[in-house]
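Peer 1: My structure is below; once you've seen it, I'll send some questions.
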């Protein structure tokens, strides 16, 4: 297994287990994330989001393609609480020096359940107070 692939798998596991210490240790300080509904511009911002993410989830049916320091993960994001849904996603990661430098996430926002958006909005509003 390539080092980049191993790092991406470890980050996914840490995210799903809400192991923010391991998650943070595998991200560059200037980590960048871009997805259809949000962007993050630092590892600390990503960790804060991970700590406050209201969903219990896992990656199901994952397929990985690695080439050098680039890894593509195609998977079903399986959310089990507080709402239940599954969403097909593609994640493109760049790994440098054994840590993730950037991630770009792709999915069909029209298939993101309204109930999940409401839960996410409520969680973000509660943390802003």
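Each reported figure results from applying straightforward, stated rules to the coordinates on display, with no laboratory input. Here the structure is a predicted model, which is why all the values come from computation and not from measurement. A quick note on method: Cβ atoms are made from the backbone with ideal geometry, for glycine too, and the neighbour counts reach across all protein chains shown.
Peer 1: So how compact is the chain: Cα radius of gyration and Dmax in angstrom?
Peer 2: Final numbers for Rg and Dmax: 14.2, 44 Å.
Peer 1: Residue 61 versus residue 101, label points 7 Å from Cα toward the beta carbon: distance in nm?
Peer 2: The modelled label-to-label distance comes out at 3.3 nm.
Peer 1: Taking the chain as the reference, fit the longest principal axis to its C-alpha atoms, fit the long axis of helix 114-128 to the helix C-alpha atoms, and give the angle between the two in degrees, 0 to 90, nearest 10.
Peer 2: Roughly 90 degrees between the two axes.
Peer 1: I want the antiparallel fraction of DSSP beta bridges within the chain, as a percent rounded to 5.
Peer 2: Approximately 90 percent, going by the DSSP bridge assignments.
Peer 1: Pairing the Cα long axis of helix 3-17 with the longest principal axis of the chain, what angle in degrees results, from 0 to 90 and rounded to the nearest 10?
Peer 2: Compared with the principal axis, the helix lies near 20 degrees.
Peer 1: From the Cα gyration tensor of region 23-74, with a ≥ b ≥ c the square roots of its eigenvalues, which class applies: rounded if a/c is under 1.5, or else prolate if a/b is larger than b/c, or else oblate?
Peer 2: It is oblate, given that a/c is not under 1.5 and a/b is not larger than b/c.
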